[in-house]
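Below is one structure, written out as structure tokens, with a few remarks after it.
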Amino acid sequence: MKTSESAAASAYGPFVQRRSEVHPAALTPGYKTSVLRSPHQALISIKHTLTERTGPLFVPQELGAQDNDLILNYAHGGLPVGERIVVHGYVRDEFGQPVRNALVEVWQANASGRYRHKKDQYIGALDPNFGGCGRMLTDENGHYRYRTIKPGPYPWRNRINDWRPSHIHYSLQGDGWAQRLITQMYFEGDTLIPGCPILQGITDEDQVRGLIALEDRANFVELDARCYRFDIVLRGRRQTWFEGA
């Protein structure tokens, strides 16, 4: 290993090994698409190299001024239709340390439950002023925040009359490639959550609750928007645990 690589390896130690037993099974027949998408052989565990432990590096100059404002970033002479909300939270690793400068990308359906995608043929109306995607970086405390329109639920061809709860898709990239996470956020009080075949693939109730954003009344914007809080945990680097006396 080159000297520069040795220094980087020292500064960026390995991440904690994933615990496959706490993750949902890839094959969940109730979610029919998983039958074709899931692997049918055991995954191979590969030791982290410098590539997985370092980078990527994001800088604020790469993002636009309205990238984290889905209400304005696609508006064309008008504002999108629907309930205005603010979503915020903290991105931390599994040891509780803030993940600074993490890239948080979100995408979603509009208020009628339709995505701005050519293959979405749902009869819900397209909103000419809503693009449905945004991105932001976490600050020094691992905090992120964005404005958007609350997405509507929509039917899907999984079983007869299955409906997806309102949700927002997340893609996160921390300070190492091994921290990559793609997930979905749901909303507190949505009656469609218990019957969702995707969420039923998660057998741990605490993990299901961890995907549900909680109403944050203290941060409502007066006469404007409700607020939800959604905290996210990424893989952490190995560290010595503190043992209290």
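The values are calculated or read from the model by the stated rules, or taken from the named source; none is laboratory data. This is a predicted model, so every value here is computed, not measured. Glycine gets a Cβ as well: all are built from the backbone with ideal geometry, and neighbour counts include every protein chain shown.
Of all residues in the stretch 225-238, those satisfying the criterion of being assigned to a loop (DSSP other than H, G, I, E, B) and surrounded by 12 or more Cβ atoms within 10 Å (Cβ to Cβ) are F230, D231, R235, G236.
Which of the residues that make up the stretch 41-64 are part of a loop (DSSP other than H, G, I, E, B) and either surrounded by 12 or more Cβ atoms within 10 Å (Cβ to Cβ) or at pLDDT 85 or above (or both)?
Passing the criteria: Q41, H48, T49, T54, G55, P56, L57, F58, V59, L63, G64.
In the stretch 68-99, of all residues being modelled with pLDDT of 95 or more and of a type in the set (D, E, K, R), the one that is farthest from F220 (Cα to Cα) corresponds to R92.
A Cβ distance below 9 Å, combined with a sequence gap of six or more or placement on separate chains, defines the contacts here; from the stretch 174-193, residues that are without any contact (Cβ under 8 Å) to a residue 24 or more places away in the chain reach residues that are surrounded by 14 or more Cβ atoms within 10 Å (Cβ to Cβ) and assigned to a strand (DSSP E or B) in the pairs R180/S171; R180/L172; R180/Q173; R180/L234; I182/H169; I182/Y170; I182/S171; I182/L172.
Close Cβ contacts (under 7 Å, 6 or more residues apart or on different chains) running from residues in the stretch 18-42 that are among the aliphatic types (A, V, I, L, M) to residues that are part of a loop (DSSP other than H, G, I, E, B) and surrounded by 13 or more Cβ atoms within 10 Å (Cβ to Cβ) comprise A26/S38; L27/S38; V35/L27. With the condition kept exactly as written, say whether any residue in the stretch 184-204 is within 30 Å of P56 (Cβ to Cβ), modelled with pLDDT of 95 or more and not hydrophobic (A, V, I, L, M, F, W, C). Within the stretch 184-204 (the criterion being within 30 Å of P56 (Cβ to Cβ), modelled with pLDDT of 95 or more and not hydrophobic (A, V, I, L, M, F, W, C)), the answer is yes, since at least one residue qualifies. Selection within the stretch 132-157: residues that are touching a His at 6+ places or on another chain (Cβ under 8 Å) and surrounded by fewer than 21 Cβ atoms within 10 Å (Cβ to Cβ). The member of this set that is farthest from H169 (Cα to Cα) is H143.
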